[in-house]
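*Asks:* Dumping the structure here so I can ask a few things about it.
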Amino acid sequence: MSSSASKYRARSGAQKVIALSISYERENMLRRGMKIEHLRELLLALAGPMARGGANLAYAGHWRESEDNFTYDLLQLISAERDEQHFASTTSSVPVGWLYNHLAWPLYLLVTPQIEAQWINCCRIIRITQALAGIPAATQAPDPITLPGADAVALNSAVVLSAMRKLVTIGMSLEIPGMPDDQYPKVPALSARVLLGGKTRGYSGFLPGLFEEALLALEHQVPLYILGGFGGSAGVLSDALLAPKGQRPPEFTAVWHEHHTPQVKQLGALAQANPQALPPGIRTTQTALDALYERIEAARGSLALQLRTGLSEGETRELMTTIDIRRAVYLCLKGIMPDAVC
Amino acid sequence: MEAASGEAGRIALTARRNTGLGVSMTDRTIPEVYVLWHPGCQLGEALASSIYAWLRPGHGLGPDVFFRSLPRPDGGGDPLPLPLPGEERRYTAGIAPQPDPNPKVTPRRNQVVTMQVLVLLIDFNMVADASWRYWLEQLSAPSPHKSGPTRVFLPVALDLTSFNIPSSIGRLNFLRPSGLPLPINPTAAAIATVARSLCKQLTESLCRLLLGHLETRTEPADTSATSGMSAAKISIFLSHAKKDGHKPARRIRDYIYAQTQLAAFFDENDIPFGTAFAHVIQSGVGEAHTAALIVILSAIYATRPWCRRELSVFRQPVLDKTHHAGAPEFWRLNPLLVVDALDSGTHTYGIPEVGNSPHIRWTDEQQDLEEQVVTLVLRDALLRTFHAALGRFIPGKPDGSRIVINWLPDPTTLLMIPRVREATAELEVCYPGKGLSALELEVLDRYFPRVDFKNYEQVLA
């Protein structure tokens, strides 16, 4: 195979880590005339060129085999791309990226060694433990969990979720027992984050996952691609960013969340009663929502610049509102991996 | 009806059907499919997913399929789904959508869609819902606008009340999938039976709707659901070695006669030896005509010269001579389905002309396999026609260095296109869908180093 064969593989993804926060909420999509099949097409149309171009994908999906779980779709995609590259034996192509699957305590307890071994050449499962999240040993819940409904489990789960989102954003080393520190594999900081769907009610943690991920991306200057046209918390974020200055939607207040997600009130009370369990940098609902709204307010009016999309202002707004899958994919790729669309 | 037979025994099937749908096609008909079902319809979502999977088989191939069921987002008390593109809906005061403060750019595909195919999954919930009835009446009313896509209705009867839908739709021919009514808690297998039957009937309807376009291309577009007539024509050729491929061929032919609305002709002896069949194929393929070939690949097939000749003639891409100045060179290839009828333990030789065509394994024991074969080849003919129409929207390059094809490329078929085979300068070949894998593209690159392969999505984005 000649080296020219690599003209079909973009190169701009090399060394990048692109986080895909894409979740399916049936009602959101069906009200917009689509179902999970459309979302799966969108995800694979995005992830294919990214993986082929050498980008690593960060996707915090679970491992249960269910229709709305995209973990296995991404694994199969990366596995196929790796096999193809192996057989193509091009010397000029960048290696196909990895799937980084960050899993917060206690979710990773469900992943068996058999599953991990099966996908070991495509996927790195990154377990975010209570210790890694900075929870003091004295307040850590037993692992494995002995009392599932205990307060410590509820609070620590939320803390670990927030810590995980931060570690995904800023990157981390993977500590491997028996390996010298300087040999630890590194997971680079995020190069871009794509948001689509997401729950605004009934979520786990202190605030909706996509809200916290958007906040972290804005704080750490990570290019942010919000596909708000498909609804969910990405849609709420989009609407807020596109609204005139000074308008604070109710979804960016703790009162609204405490009303619609009762667990939020419980977490707030637990955090107040156990301040020692809250590691530095972990924000409760009100604090995080205030910080997010501040960022949103600052971004209004110059979205392309503030979200660092690499697109024009018009394209950025279109990306945030379109329900056309092709346009959404095209605009994301144009911003993240321009050589994948030219 | 046309037919021929050669040394090995072949069937040529020609269907001329009245669509009964009152629409006229052009050779640029780009359909977009909408599946509508009432939120209370238990079966709707599963059937909609089956339709999607059938019409969008992967690689980004096939027309767009969208759904309409749940009320539109932020619709207040409005029980109706999102309007269809181009639909002018009158709202009750208080539930009208707010003007969009951020008008969206018109999606690219919507600019080329010329037909909305509405598959209505009708059950008692839809029939009894006054809002839905009103909506369907409005959708089926003649549009005052001459521009915009034609709207076509394909009603599906899910129960006996379905025919009580407003008469503008109720008087159309209904699709009636088998396996209904389902029990209270149906098994997945029971639902799959209904879905398979529905996809089969839908395929036949869409074929009648879309594959007749070349005969009626001069007729003006008509947006009504019930006026006018159009004839549809598709030829299915069946090529097999008489000695050992006769049994599947006979079952497929019998199925077409007995179970489909396609007219069929089969005679192994009336038509002179070999050349006539090739001539029929050649004229069918050579003219702007939709055809599909089913090859019964038996142990002896590859060694029969007339079988190989038929296959070779059929697999010759055809240059579209109707393209206008400035348009890229457009090549069309009709679909081929290979039925693998090798007996266990037998062997045969590969046939290069087959290229990357789909194969289906034959077994005498499976009762409904002929139905699958025929439905699959009709679906592929449908998709190929759709891609041909979409491909015609791809603009040419000023230096003429762009060629458009309507199939997923493979070395054998590409070598039959002179400009690709002899490419001495940079040339771009555009193919349908979202793209081949990098490995497939790199293999093509070895054969055609001066050719750059791009998919329709890349070019039209």
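The values are calculated or read from the model by the stated rules, or taken from the named source; none is laboratory data. Treat the numbers as computed from the prediction; the structure is a model and nothing was measured. Backbone-built Cβ (ideal geometry, glycine too); neighbour counts: all protein chains shown.
*Asks:* When you check residue B:385 against the structure, is it surrounded by fewer than 20 Cβ atoms within 10 Å (Cβ to Cβ) and of a type in the set (S, T, N, Q), yes or no?
*Replies:* It is false that residue B:385 is surrounded by fewer than 20 Cβ atoms within 10 Å (Cβ to Cβ) and of a type in the set (S, T, N, Q).
*Asks:* Among the residues of the range A:26-61, write down those that are under 19 Å from the mean Cα position of the chain (by Cα) and within 7 Å of another protein chain (Cβ to nearest Cβ).
*Replies:* The answer is A:45, and nothing else.
*Asks:* If you don't mind, another one. For residue A:129, state whether it is over 17 Å from residue A:204 (Cα atoms) and of a type in the set (Ser, Thr, Tyr).
*Replies:* In short, no.
*Asks:* Can you find, within the range A:241-280, the residue that is surrounded by the fewest Cβ atoms within 10 Å (Cβ to Cβ) among those that are touching a helix residue (DSSP H, G or I) at 6+ places or on another chain (Cβ under 7 Å) and not in a helix (DSSP H, G or I)?
*Replies:* A:245
*Asks:* Here's another thing I want to ask about it. State yes or no: is residue A:291 of a type in the set (A, V, I, L, M, F, W, C), more than 20 Å from the chain's Cα centre (by Cα) and either under 30 Å from residue A:157 (Cβ atoms) or more than 14 Å from every other protein chain (Cβ to nearest Cβ) (or both)?
*Replies:* no
One line per residue, one yes/no per condition, for (1) more than 7 Å from every other protein chain (Cβ to nearest Cβ); (2) within 12 Å of residue B:34 (Cβ to Cβ):
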| site | (1), (2) |
| --- | --- |
| B:58 | yes, no |
| B:61 | yes, no |
| B:65 | yes, yes |
| B:71 | no, no |
| B:87 | yes, yes |
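*Asks:* Okay, moving on. Does at least one position in the range B:435-456 carry a residue that is over 23 Å from residue B:239 (Cβ atoms), within 16 Å of the chain's Cα centre (by Cα) and crowded, with 20+ Cβ neighbours inside 10 Å?
*Replies:* no
*Asks:* Pairs please, first residue from the range A:296-308 and more than 22 Å from residue A:18 (Cα to Cα), second anywhere and surrounded by fewer than 17 Cβ atoms within 10 Å (Cβ to Cβ), Cβ atoms under 6 Å, 6+ apart in sequence or on different chains.
*Replies:* From residues that are more than 22 Å from residue A:18 (Cα to Cα), the pairs are A:300/A:245.
*Asks:* Residues in the range A:96-112: is at least one within 14 Å of chain B (Cβ to nearest Cβ) and either loosely packed, with under 13 Cβ neighbours inside 10 Å or out of contact with any Gly (no Cβ under 6 Å at 6 or more places or on another chain) (or both)?
*Replies:* Checking the range A:96-112: at least one residue is within 14 Å of chain B (Cβ to nearest Cβ) and either loosely packed, with under 13 Cβ neighbours inside 10 Å or out of contact with any Gly (no Cβ under 6 Å at 6 or more places or on another chain) (or both).
*Asks:* For the condition of a type in the set (Val, Ile, Thr) and not in a strand (DSSP E or B), what is the one hit in B:119, B:127, B:156?
*Replies:* B:127
Conditions (1) under 11 Å from residue A:224 (Cβ atoms); (2) buried (at least 24 other Cβ atoms within 10 Å of the Cβ); (3) among the aliphatic types (A, V, I, L, M); (4) more than 11 Å from chain B (Cβ to nearest Cβ), marked per residue:
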site: A:295; (1), (2), (3), (4): yes, no, no, yes
site: A:299; (1), (2), (3), (4): yes, no, yes, yes
site: A:317; (1), (2), (3), (4): no, no, no, no
site: A:339; (1), (2), (3), (4): no, no, no, yes
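*Asks:* Does the range A:134-142 contain at least one residue that is loosely packed, with under 13 Cβ neighbours inside 10 Å and assigned to a helix (DSSP H, G or I)?
*Replies:* yes
*Asks:* Being over 28 Å from residue B:202 (Cβ atoms), in contact with a Ser or Thr (Cβ under 7 Å, 6 or more places away or on another chain) and either within 14 Å of chain A (Cβ to nearest Cβ) or assigned to a loop (DSSP other than H, G, I, E, B) (or both), is that true of even one residue in the range B:400-412?
*Replies:* no
*Asks:* Just to verify a result, which residue in the range B:362-371, among those that are in contact with a helix residue (DSSP H, G or I) (Cβ under 9 Å, 6 or more places away or on another chain) and loosely packed, with under 14 Cβ neighbours inside 10 Å, is farthest from residue B:59 (Cα to Cα)?
*Replies:* It comes out as B:364.
*Asks:* Cβ-Cβ under 7 Å, sequence separation 6+ or interchain: first residue in the range A:1-27 and modelled with pLDDT of 70 or more, partner basic (Lys, Arg). Which pairs?
*Replies:* Within 7 Å, the pairs are A:19/A:193; A:21/A:193; A:25/A:199.
*Asks:* If you don't mind, there's one more thing I want to ask. Identify the single condition in (1) modelled with pLDDT under 90; (2) in a helix (DSSP H, G or I); (3) touching a helix residue (DSSP H, G or I) at 6+ places or on another chain (Cβ under 9 Å) that residue B:435 does not satisfy, given that it satisfies every other one.
*Replies:* Every listed condition holds for residue B:435 apart from (2).
*Asks:* Taking the range A:237-268, which residues are touching a residue at least 60 places away in the same chain (Cβ under 8 Å), under 18 Å from residue A:286 (Cβ atoms) and among the hydroxyl-bearing types (Ser, Thr, Tyr)?
*Replies:* A:261
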